[in-house]
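In what follows, a structure is listed as structure tokens, so that the remarks can point back to it.
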Amino acid sequence: MRALLAEGLKIDWATMPTYNTVMAVAAGAGLLLVAGFGRRLTDAGAVLHAEGYSLAFGVLGLILTATGLHMTLTWPLAAGGFPFDNVIFGEPALAFGVMLLFAALFLWKRGMALAEAPDRVEYVRRLAGPLSVFVLGMGLACFGIAAAGVKYKLFAAPPEEPISGEFADYPMIEAVFISGLYFVVGLGAVLLPFALRRWNVVLVRVIWVCWSLTGLAFLLFGALNYFTHIGLIVNTM
């Protein structure tokens, strides 16, 4: 086995920084928390612990902003290949991270006012309306990433990567899986401005499902990648 690995793929990891593991976990947790926050927001009988969400959004926003900004501005981040990762992972992470940071700041400063508002939905609807234009744009960007992932068969792991590498001969499997996640995240983002405009309950529920399912998928996939990426590093050193 060691002999086979010795003849296989070799990567200069000094030129291939890889940290989309923590980015995926943070993005997944962020989507889950945004969906959960929205659900509690619409439940008039639920107590809204704004400070707790502020802390959570702040932690995740800091991770995503720092890693996303570095990946976005360092071109290419991975000099050994995959420069498209800057666009696919870096820019969406940066956008989501900054939004989480500002949400954290708002909840820390004005969370009590939101929690005690006579109509919390109307409060957030008017507050988030302008920002939803950018959310819409990033949703369309996610559609573009999803289309590129399928067209160019991106995201496929090399044979040297544990678990994911078992599908190296079938690159469309992982391409469709990851592209599907981006598409569903984008669908929720594109629907948000329309849901906020008149607070369409059906659209709000669709968004909640989109971000809950993709959040869980990104969280679990990112956690799994801690094993698969470590294995890839060991097998290609």
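Coordinate-derived values only; no laboratory data. None of these values were measured; they are calculated from a predicted model. When we count neighbours, we look across all protein chains shown, and the Cβ atoms used for this are built from the backbone with ideal geometry, even at glycine.
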Of LEU131, PHE167, TYR226, which is farthest towards the positive pole of the chain's charge dipole, taken about the Cα centre with +1 and -1 on the beta-carbons of Lys, Arg and Asp, Glu respectively? LEU131
So what is the calculated 222 nm ellipticity per residue for the chain, using -39500 (n - 2.57) for each DSSP H run with n of 4 or more, over all residues, to the nearest 500 deg cm²/dmol? -25000 deg cm²/dmol
Partners for LYS10 among lysines (Cα-Cα distance below 23 Å; same-chain residues under 8 apart left out): LYS153
Magnitude of the Cβ-charge dipole (Lys and Arg +1, Asp and Glu -1) of the chain about the Cα centre, nearest 20 debye, reported as 860
Stretch gain in nm, segment VAL201-LEU114, where the contour uses 0.36 nm per residue and the Cα spacing is subtracted: 29.3 nm
Here the membrane-span-like helices of the chain, with no claim about any membrane, defined by DSSP H, Cα axial extent at least 24 Å and mean Kyte-Doolittle at least -0.5, are 20-42, 50-73, 91-115, 132-151, 171-198, 201-236
Work out the P(r) tail for the range 50-131: percent of alpha carbon pairs separated by more than 22 Å, whole number. 39
